[in-house]
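Engineer: Pasting a structure below so you can have a look.
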Amino acid sequence: MTEEIIGAIKERLKQSNSIIIASHVRPDGDAIGSLLGLGLALRDAGKTVQMVLVDGVSSSYRHLEGSDLIVKEPKGEYDTFIAVDCADFRRVGKAFEGFGQPDINIDHHVTNEKFGKLNLIEAEEVATAAILTNHLPEWGYNITKPIAAALLTGIVTDTLGFRTANTNPSALRLCAKLMETGADMPDLYMRSLVKKSFPAAKYWGAGLSRMDQKNGIVWSVLTLQDRKRSGYGGNDDADLINMIRPSMGTKLA
C-alpha cells in the first residue's frame, strides 16, 4: 500500500503547477525544514509554490536559504495543497479555515489522523525531513545544498541532536548523504540547537526560575509579560521545553 501511495504522490506532483505547502502552528525545525526542503525542490523543478506558516519563521531558522519566501497566509489559486509534519489538519492554523482536504499529507507522527487524500505516514522515521530525504530523489527531484540544509535541520532538531530514543543508523546515514551536498551540519546544529539570541536567553531565564517538579513531572511557566520584558519576538517558548526535559528523573516535561 505504501508503494502505491509513493507512486501516486509522484504522479500528483508531476501534474501539479501551482502548489501550497503548509505545516503546523508554532513551527519547529522539522516543520520548517520539511516545508523548505519540499518547497525548494518543487520550485527548482519549475513549479509555482507558496510555502505557508501562519506563525512565520523564528530567528533560529532564518539562516536557512529560502526562509524569506515563507509567508503567513495563502493567496490566489492553487491546484495542489500539501501538509507536512502535521498530525491533524487543525494545527495548520486559522489561515486555512475553509480550505478543503489536503491533496497530500506527509508526516512521521504515529498519531496522524490521515486527513489527506494521499497520506504518506512513516512513523518509524525520526522526522518528516527524513521521509522527504528518502523520497524526493525517487519522485524525480534533486537535493541541492540549500534543500539538504533544510532537511538536515529537520532531522537534527527532531532528534534533539541525535539524542532521542528513536535515533537509528538509518537516520545517521541520511545525514551523511545530505552532508555530501556541502551542507554544514556542525553549523546547522549550533544555530538550531545551541545558539540563542540574547532576548531568547532572557526569556529562558524567566522560565527556568519557575521550574518545579513532582512525581516525575517537570514544568515551568512563561507569561506574555515575560516575553515583553525579554524582547523575544517569537510566538513560542524559544525551545525552553528541550532545556527542562532532560532533568534527572523526569518522565514528562
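Laboratory data are not the source of any read-out in this text; all were calculated from the coordinates shown. This is a predicted model, so every value here is computed, not measured. No Cβ is skipped: glycine too gets one built from the backbone with ideal geometry, and neighbour counts run over all protein chains shown.
Engineer: Output ³J(HN,Hα) for segment 62-79: one whole-Hz value per residue in order, computed from phi by the Karplus curve 6.51 cos²θ - 1.76 cosθ + 1.60 with θ = phi - 60°, and x for Gly and Pro.
Structural biologist: Ordered by residue, 3J(HN,Hα) equals 6, 6, 6, 4, x, 5, 6, 8, 6, 10, 9, 8, x, 9, x, 7, 8, 10 Hz.
Engineer: Which semi-axes, in whole Å and largest first, does the equivalent ellipsoid of segment 197-244 have when worked out from the alpha carbon gyration tensor as the square roots of 5 times its eigenvalues?
Structural biologist: They are 20, 10, 8 Å, listed from largest to smallest.
Engineer: Here is a follow-up. Out of every Cα-Cα pair in segment 1-57, what percent are more than 16 Å apart? Working shown, then result.
Structural biologist: Details: 773 of 1596 pairs.
Beyond 16 Å sits 48 percent of the P(r) for segment 1-57.
Engineer: For G140, what is the net charge nearby, where nearby means another residue's Cβ is under 9 Å from its Cβ and Lys, Arg count +1, Asp, Glu -1?
Structural biologist: Residues close to G140 contribute a combined charge of +1.
Engineer: Give, rounded to the nearest 20 debye, the magnitude of the charge dipole that the chain has about its Cα centre when Lys and Arg contribute +1 at Cβ and Asp and Glu contribute -1 at Cβ. Walk me through the numbers on the way to the answer.
Structural biologist: Working: 29 positive and 31 negative charges, 192 e Å.
I would put it at about 920 debye.
Engineer: Using θ = phi - 60° and the Karplus form 6.51 cos²θ - 1.76 cosθ + 1.60, what ³J(HN,Hα) does each residue of segment 212-222 get, whole Hz, x for Gly and Pro?
Structural biologist: Values per residue, Gly and Pro as x: 9, 8, 7, 6, x, 9, 10, 8, 8, 9, 10 Hz.
Engineer: Something else about it: Tilt of helix 198-208 relative to the longest C-alpha principal axis of the chain, in degrees (0 to 90, nearest 10)?
Structural biologist: Relative to the chain, helix 198-208 is tipped by roughly 60 degrees.
Engineer: Restricting to the chain, compute how many DSSP beta bridges are antiparallel as a %, nearest 5.
Structural biologist: Counting only bridges with both partners in the chain, antiparallel ones make up about 15 percent.
Engineer: Next question. Would segment 104-143 count as rounded, prolate or oblate if I go by the C-alpha gyration tensor, calling it rounded below 1.5 in a/c and otherwise prolate when a/b exceeds b/c, oblate otherwise?
Structural biologist: Cα axes put segment 104-143 in the oblate bin.
Engineer: Where a ≥ b ≥ c are the square roots of the eigenvalues of the C-alpha gyration tensor, would you call segment 152-249 rounded, which needs a/c under 1.5, or, failing that, prolate if a/b is larger than b/c, or oblate? Don't skip to the end; give the middle numbers.
Structural biologist: Details: a/c = 3.58, a/b = 1.57, b/c = 2.28.
Since a/c reaches 1.5 but b/c is at least a/b, the shape of segment 152-249 is classed as oblate.
Engineer: First check a/c for segment 2-192, with a ≥ b ≥ c the square roots of the eigenvalues of its C-alpha gyration tensor; if it is under 1.5, answer rounded, and if not, answer prolate when a/b is larger than b/c or oblate otherwise. Walk me through the numbers on the way to the answer.
Structural biologist: On the way: a/c = 1.37, a/b = 1.29, b/c = 1.06.
The shape class here is rounded.
Engineer: Rounded to the nearest 0.05, what FRET efficiency do E138 and K94 have when you use their Cβ-Cβ distance and R0 = 41 Å?
Structural biologist: Working: r = 34 Å, r/R0 = 0.84.
Efficiency for this residue pair is about 0.75.
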